[in-house]
1. What ranking do 176-184, 83-91 get when scored by the average of other Cβ atoms within 10 Å per residue, highest first?
2. Using a 10 Å cut-off on Cβ atoms, rank the peptides 98-107, 126-135 from the highest mean neighbour count down.
3. So if I take the centroid of the Cα atoms in region 82-128 and the same for region 269-344, what is the distance between those two points in Å?
4. Could you tell me which chymotrypsin sites (Phe, Trp or Tyr not before Pro) in region 432-467 are loop residues by DSSP with no more than 13 other beta carbons within 10 angstrom of their beta carbon?
5. Can you pull out the trypsin sites (Lys or Arg not before Pro) in region 274-312 whose DSSP state is coil and whose Cβ has at most 14 other Cβ atoms within 10 Å?
6. Cα extents of region 81-161 along the three principal axes, largest first, in whole Å?
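Computed from the coordinates by the stated procedures, all read-outs in this text should not be read as laboratory data. Just so we're clear, the structure is a prediction, and the values are computed from it rather than from any experiment. Counting neighbours? That spans all protein chains shown, and the Cβs are built from the backbone with ideal geometry, glycine included.
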Amino acid sequence: MNVFSRSPLILYSYLATEMLAPFFAAFLIMNGVFFLVKLIPFLNFALDFGIGFADFIRLFSYMLPNMLLYTVPMAAMMGTIICFSRLSNDTEILALKAGGISIYQILPSVIIVAFTIAIATSYVSISLIAKSETSLKQLTYQLLKEKMDRGIREGQFTEALGDLVVHVGEIDRATGEWKNVWVSDMRGQKTPAVTMASSGSMVSDIRQMNVTILLRNGSLHRPDGPNAQIVNFEKYVINIPLQLPARAKVNEKNTYTLSELLVATQKYGPNTEKGRNMLVEFHKRLVLPFGCLIMSLLGLPLGLLAGPGKKAIGIPLGLATFILYYVLFSTFKNMAEEGAGSILLLMWLPNTMFLIGAIYSIRRVAEEQPILPEFFHEFARRTHLVVFAPLFQKIGLLYASISKAVSRRMIPAKPSASDDQAQQHVVADPVKNLFHLPNCQKSDSTTATVIFDSIKEAQESGFQPCDYCITLVDQLRRTSKKTEGV
């Protein structure tokens, strides 16, 4: 019999569908969270530049590939965990096992989906990040240039060019030419150099990321004491490198492709700080897509921890695993950038560790055994009984004693009936010449402004109990007499 004819393609397609549905849901949620985190500082940048909705969408779309490098692996892991948690809770996994289908036969569908998502992540990492960062840089410079153009108006001084103050007498709307131009240049000097010209213009070079002011037929004045200079010119060029705001700056290495990163590493030297940074970025573009594959595989054993009558602990464990992975990745990445060891070893060490953990976990689940060995569970149980349980008990007792002490200070002790009708604080109404006990509704009256320490003190001052309190006062007196008789 042909083995391939029995290939469970229907099962694979069913499991793939079950994994992809929660994957896309988690993908939208993760990117939504990242979007909200970046939205506030990005809105400030958008308002500063006065950009429209279309440019706003373009800017955010250019920032998306860097976000996908982190959100896709997490969404892939959550999709796998949610899929197999549901199948376990609905006893579908049990039914598959009863039908002779083992975990190893389920595994190919997980590998196919995980590999597909990892390939998509690799495309984002290798190709889209460099293109999007370059486009983001160019668009941001273009917006900065447009802001400068809007800032220069006829007959007005403008400081839109940083340390350059420009005044233009007239602007030709058709050609953009300036007439009667005055420029004050404070760059790198205490006393400004003043330039006056009959005409001029401003052009930008997005590729070189600078703006050039071209002045014609004018003079340059440097009023520097005895060294003052006046220079007449027919043509004078002022180059202005465009400087982006801090929140809009693009990291140079993010604009490089993989081949350009390797060339830059050789250019700066692999033992220099800049060379190490380039090589670390090269490995990062490859490590994270492979980490996406590993995270997806880890979702299988974590999802199978669920079942009828069991707590679905796969999702919190998955989140903890994901956080641990990125903590280790960031730690080893920083070590690699500082030259603490081999960059190749440090960058790929987290993936190696988690790949071994994924293979081990899948094997344990396939053999119907807990992911962690029995001795680990016994060690955790004994540690809890010996260390954590007594510690939590002592903390609880300490908290209870502190709460009790605080409550005793805040709440006055309930007086006995023999202590002059409990020495109750009463409030009196001088308008109606009546007093009220604390549990009387009229004690909160705005006219009840006099406070006595006891009922006796209020009566000696000429106040009488209200209709409601007179019954309570009589009850307190009878209780007091009975107590004294005993």
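1. Packing proxy ranking, top to bottom: 83-91, 176-184.
2. My ranking of the peptides, most packed first, is 126-135, 98-107.
3. That distance is 20 Å.
4. For chymotrypsin sites (Phe, Trp or Tyr not before Pro) across region 432-467 that sit outside H, G, I, E and B with at most 13 neighbouring Cβ atoms in 10 Å, the list is empty.
5. Answer by residue number: LYS310, LYS311.
6. Result, largest extent first: 86, 26, 12 Å.
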